[in-house]
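The structure appears right after this line, and notes come after that.
What follows draws every value from the coordinates through simple rules; no lab data is involved. In this text the structure is predicted, and so the values were computed from the model without any measurement. Using ideal geometry, Cβ is built from the backbone for each residue, glycine included, and neighbour counts are taken over all protein chains shown.
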């Protein structure tokens, strides 16, 4: 009879593992997915004349917008870059400031 009370629960071994997975999801994966979603939304809303910065640090003004690329006017030339190379974080200095309510 005492043996029944001393047996370990079947969930006892897997519960800490599930807890670690849940913590990793909420602290690492979820914020990263949110940031990627914001970056994609930013890349889709750029238009001709916007000043942007790429992930590699190239500053330029958008001259042409395609489906998956933009043409940046840089100094005396133009560069064709993928929209995914645009950085919302680095381009924030050129974005209009949001008003706080």
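Please enumerate the residues belonging to the stretch 75-88 that are within 11 Å of residue 52 (Cβ to Cβ) and either touching a residue at least 60 places away in the same chain (Cβ under 8 Å) or not in a loop (DSSP other than H, G, I, E, B) (or both).
Of everything in the stretch 75-88, those that are within 11 Å of residue 52 (Cβ to Cβ) and either touching a residue at least 60 places away in the same chain (Cβ under 8 Å) or not in a loop (DSSP other than H, G, I, E, B) (or both) turn out to be 81, 83, 85, 86, 88.
If you scan the stretch 19-74, which residues turn out to be over 19 Å from the mean Cα position of the chain (by Cα) and either in a helix (DSSP H, G or I) or more than 20 Å from residue 90 (Cβ to Cβ) (or both)?
19, 20, 21, 22, 23, 64, 66, 67
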